[in-house]
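The values are calculated or read from the model by the stated rules, or taken from the named source; none is laboratory data. Just so we're clear, the structure is a prediction, and the values are computed from it rather than from any experiment. Each accessible area value is taken on the protein alone, full model and side chains, heavy atoms only, with ligands, DNA and RNA left out. Shrake-Rupley method; radii C 1.70, N 1.55, O 1.52, S 1.80 Å.
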Amino acid sequence: MPVTVDDVREVASTLPRSSEAFVRGRVKFRIGRIVYLAFSRDGRTMGFAYPKDWRNALIESEPRKFSLPSQSDMRYHWVHVDLDAIDEHEMRELVEDAWAFCVPKRVAEEYAAAHGYRA
């Protein structure tokens, strides 16, 4: 069963400091003003915060799942994933990792300690 925006919302909405926004027809999740998740208008692709230095390796490891953002977004720490290509467990890892990449380290560490997550 493919992962949906609602599945992601269920995870992202529980993360400290995370808030949902609807911007120009697209669902986004933020920490303050920093966007760490964003969906295509059709909800089939999720962009997520990810270290620039590692994104080529991620994409090369699974090119059917992951892709580079548009040229204008290459300056950001960002990667895209096809939601049909991942399961709920992998989605949760991607969401939590993107969130942890953007929140203060202390917040991520507190969440990790309380939820058995690796920060």
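Of note:
- Extension gain, T4 back to E90 (0.36 nm per residue minus Cα-Cα distance, nm): 29.7 nm
- Measuring nothing but how far apart in sequence close Cα pairs (under 8 Å, 6+ apart) lie, relative to its length, the stretch 7-109 scores a relative contact order of 27 percent.
- Solvent-accessible surface of protein heavy atoms, probed at 1.4 angstrom with all chains present, puts R24, R41, R17, R30 in the order R24, R41, R17, R30, largest first.
- Solvent-accessible surface of protein heavy atoms, probed at 1.4 angstrom with all chains present, puts K52, K65 in the order K52, K65, largest first.
- Residue-averaged [θ]222 nm for the chain, counting only DSSP H segments that reach four residues, each worth -39500 (n - 2.57): -11000 deg cm²/dmol
- Estimated vicinal HN-Hα couplings, Hz - the stretch 23-39 in sequence order (Karplus 6.51, -1.76, 1.60; Gly, Pro = x): 10, 6, x, 10, 7, 9, 10, 10, 10, x, 9, 8, 7, 10, 9, 8, 10
- Options [x] 34, 31, 30; [y] 58, 24, 22; [z] 43, 31, 27 - which one matches Cα extents along the principal axes in Å as calculated here: [x]
- Computed on protein heavy atoms with a 1.4 Å probe, the accessible areas place L94, L37, L68 in the order L68, L94, L37, largest first.
- Gain upon complete extension [A112, R26; 0.36 nm per residue less C-alpha separation]: 28.1 nm
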